[in-house]
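Enquirer: One structure is given below, represented as structure tokens, and several questions about it will come after.
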Amino acid sequence: MAATNPGWTGLDMYTYLNTATYASPTWVLIDNINDLKRQKTRAEADLSSRKSDELQREPTLADVQFSWGMITDETDPNYTTLRTAEENRTLVEIAFANQPIATTGCVYARRQLKIFEFSSEEPMKDGTTTTVTAKPCKGAMKSRVTV
């Protein structure tokens, strides 16, 4: 039977923080997220030569980053864990899932990342929000898991 896409929206996705170890994870839902973006672009190698009248390129290293907004909430343990990780430049492990992580058929990307941005906005007419950007770093583990 051919695979079908159920037509997920951002509201259907789940993001989790591992609060235990890589070998024995404990996934805690981060429900204070809005507008998550997974970005992956590749650098280009120029392989042009004199026998070509066009630039000839090949994709090389991937530049991967994840960014999202959060409602600024100092009582939210996920918020404070991410803020502390940015301040201390420590790894966090995050899973980006297409449904609740223990559900049969769930597919998720499991990444160890460091927080590179933790910026607050305090507009006059809206609630305060924080922009978080996480990127892979040296020695970080990654995997794709299907439950």
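Here, each number is a calculation from the coordinates, and none is a lab measurement. If you're wondering where the values come from, they're calculated on a predicted model, not measured in any experiment.
Enquirer: Taking θ as phi - 60°, what are the ³J(HN,Hα) couplings along segment 100-113 by the Karplus curve (6.51, -1.76, 1.60), each to the nearest whole Hz, with x for Gly and Pro?
Expert: With the stated coefficients, segment 100-113 comes to x, 5, 8, 7, 4, x, 5, 10, 9, 9, 10, 10, 9, 9 Hz.
Enquirer: Could you pull the Rg and Dmax for segment 17-59, using just the Cα atoms, both in Å?
Expert: Spelled out, the Cα radius of gyration and Dmax of segment 17-59 are 21.3, 56 Å.
Enquirer: Rounded to whole Hz and in sequence order, give me ³J(HN,Hα) for segment 134-147 from the Karplus expression 6.51 cos²θ - 1.76 cosθ + 1.60, θ = phi - 60°, writing x for Gly and Pro.
Expert: Those phi angles translate into 10, 9, x, 9, 4, x, 6, 8, 8, 7, 10, 10, 10, 7 Hz.
Enquirer: Taking amide hydrogens as modeled 1.01 Å from N in the peptide plane, which residues meet the under 5 Å criterion relative to ARG42, leaving out close sequence neighbours?
Expert: Hits under the 5 Å cutoff: ASP63.
Enquirer: Regarding the chain, what's the average projected area of the Cα-atom convex hull, expressed in nm²? Working shown, then result.
Expert: Details: hull surface 56.1 nm².
The Cα convex hull of the chain, projected and averaged over all directions, gives 14.0 nm².
Enquirer: Moving on to the next point. How large is ³J(HN,Hα) for each residue in segment 51-66, as worked out from phi by the Karplus curve 6.51 cos²θ - 1.76 cosθ + 1.60 (θ = phi - 60°), to whole Hz, x for Gly and Pro?
Expert: 7, 10, 9, 10, 5, 10, 10, 9, x, 10, 5, 7, 10, 10, 8, 10
Enquirer: Tell me the Kirkwood radius of segment 63-147: reciprocal of the mean inverse pair distance over distinct alpha-carbon atoms, in Å. It would help to have the intermediate numbers written out before the result.
Expert: Details: mean 1/r = 0.0711 Å⁻¹.
Here the Kirkwood hydrodynamic radius works out to 14.1 Å.
Enquirer: Helix-derived [θ] at 222 nm for the chain: sum -39500 (n - 2.57) over DSSP H runs of at least 4, divide by residue count, nearest 500?
Expert: Working: 1 runs with 12 residues, N = 147.
Mean residue ellipticity at 222 nm (helix-derived): -2500 deg cm²/dmol.
Enquirer: I've got another one for you. Please give the helix 77-88 orientation as an angle from the longest Cα principal axis of the chain, in degrees from 0 to 90, rounded to the nearest 10.
Expert: 50 degrees
Enquirer: Tell me the Rg and the Dmax, in Å, that the Cα atoms of segment 37-112 produce.
Expert: According to the Cα coordinates of segment 37-112, Rg and Dmax are 19.5, 63 Å.
Enquirer: Can you list the lysines whose alpha carbon sits under 21 Å from that of LYS40, skipping same-chain ones fewer than 8 residues off?
Expert: LYS114, LYS135, LYS138, LYS142
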